[in-house]
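Asks: So that we are looking at the same thing, I have put the structure below in structure tokens.
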Amino acid sequence: MSIGTVFLSEIIGSLVLSLLGNGGMANQLLTKKKPNEVIIAICWASGVTVGIVFSLMLGGVGHLNAIISLFYLIYNWSSIGPYWLFWIFIIAQIIGFVLGQICVVFLYQGKIKQSLADGFKQEYLNSYCYTRNNEKFMKVFIAEFIGAIFFLLAIYFIIENPRQILSPHTSFIFIFIIVICIVLSLGGVTGPSLSPTRDISLRLMHKIIPFKNKGSSEFKESVPLILGSILGTIVIGLVFLII
């Protein structure tokens, strides 16, 4: 797989994921009405599924997430390419997330300005990334740890398809369902975030984009979720490597 293929496919896939996922967040959060969690879950599931499809159609592998890339780096990177290619995946994902968020901000700038004028600083930040909302460090850490393990288990079984249980034509349906389930069942604490590169890159975007009264980007809140998702990835990666 060439550098250009990896780079372009991960950028486009991550852009779609960010645009549909955070677009749904902005649509639901930047309003005085109570957000609909089911709609948010569907938007994220659509973003992940469509992003993966676009990435695959461009000749890539559709990681779109640092923890998936890290999992395969530990477990079976030789099936993808040389080890330095890992950093191309990460850089491309960050660029894609940033471009997707720029589109979201452009589309919702009117709602953003009105929401910030009404004092909805936390909701505005949530349209970029996770906010802890006074949850304890260990609770957030454990939620991300468990979420990462379950997510990677599900992705592994769908992609590798042991015993050929799934038809290749149904795999995307299962990815869609799994993302909805993770957001609704495991997302009560953290969303869940489950993407260190997306969280950090979009916090930086929140910091950089100049809206009045936008509040803090809360970088310290990203620590438990990044540590939790990365450690969960390392654990499940080592388990599969050993067995």
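Asks: Per DSSP H run of n ≥ 4, the term is -39500 (n - 2.57); total these for the chain, divide by its residue number, and report the mean residue ellipticity at 222 nm rounded to 500 deg cm²/dmol.
Replies: Helix contribution divided over all residues of the chain: -24500 deg cm²/dmol.
Asks: Once you have a ≥ b ≥ c as the square roots of the Cα gyration tensor eigenvalues for the chain, tell me rounded if a/c is under 1.5, and otherwise prolate or oblate according to whether a/b is larger than b/c.
Replies: Here the chain falls in the prolate category.
Asks: Continuing with the same structure: Can you work out the FRET efficiency for the pair Lys33 and Gln114, with r the C-beta to C-beta distance and R0 = 22 Å, to the nearest 0.05?
Replies: Approximately 0.95, to the nearest 0.05.
Asks: Something else about it: Grab the Cα-Cα distance for Trp77 and Ile177, subtract it from 0.36 nm times how many residues apart they are, and report the gain in nm with one decimal.
Replies: Going from the current span to full extension adds 33.3 nm.
Asks: Another question, if that's okay. Pairs Lys121/Lys220; Lys32/Lys139; Lys139/Lys212; Lys32/Lys212; Lys111/Lys139: which are spaced more than 25 Å apart, C-alpha to C-alpha?
Replies: Violating the 25 Å Cα-Cα cut-off are Lys32/Lys139; Lys139/Lys212; Lys111/Lys139.
Asks: Let me ask something else. Apply the a/c threshold of 1.5 to the C-alpha gyration tensor of the range 203-243 and tell me whether it is rounded, prolate or oblate.
Replies: Cα axes put the range 203-243 in the prolate bin.
Asks: What is the distance, in nm, between label points placed 7 Å from the Cα along the Cα-to-Cβ direction at Phe211 and at Ser2?
Replies: Result for the modelled spin labels: 4.0 nm.
Asks: If one computes the Cα centroid of the range 53-112 and of the range 164-183, what distance in Å separates the two points?
Replies: 19
Asks: Then there is this: If you build a Gaussian network model of the chain, linking Cα atoms that sit under 10 Å apart, which residue out of Ile102, Ile173, Ile91 swings the most?
Replies: Top of the fluctuation ranking is Ile173.
Asks: A follow-up question, please. Separation of the range 146-160 and the range 12-42 by C-alpha centroid, Å?
Replies: 23
Asks: Sticking with this structure for a sec: How far is it, in nm, from the label point at Ile243 to the one at Leu184 when both lie 7 Å from their Cα along the line to the Cβ?
Replies: 2.8
Asks: Still on this structure: When the chain is fully extended, how far beyond the present Cα-Cα distance does Val53 get from Ile159, taking 0.36 nm per residue of separation?
Replies: 36.9 nm is the gain from fully extending Val53 to Ile159.
Asks: Considering the convex hull of the alpha carbon atoms of the range 1-134, report its projected area averaged over all viewing directions, in nm², one decimal.
Replies: Mean projected area of the Cα convex hull: 8.9 nm².
Asks: Show me the helices of the chain, taken as full DSSP H stretches, that run 20 Å or more along their long axis by Cα and average 0.0 or above in Kyte-Doolittle hydropathy.
Replies: Within the chain the helices that satisfy the rule are 3-29, 37-57, 85-117, 137-160, 171-190, 222-242.
The numbers here are math on the coordinates, done by the rules we state, and not lab data. These numbers come from a predicted model, not from an experiment. Using ideal geometry, Cβ is built from the backbone for each residue, glycine included, and neighbour counts are taken over all protein chains shown.
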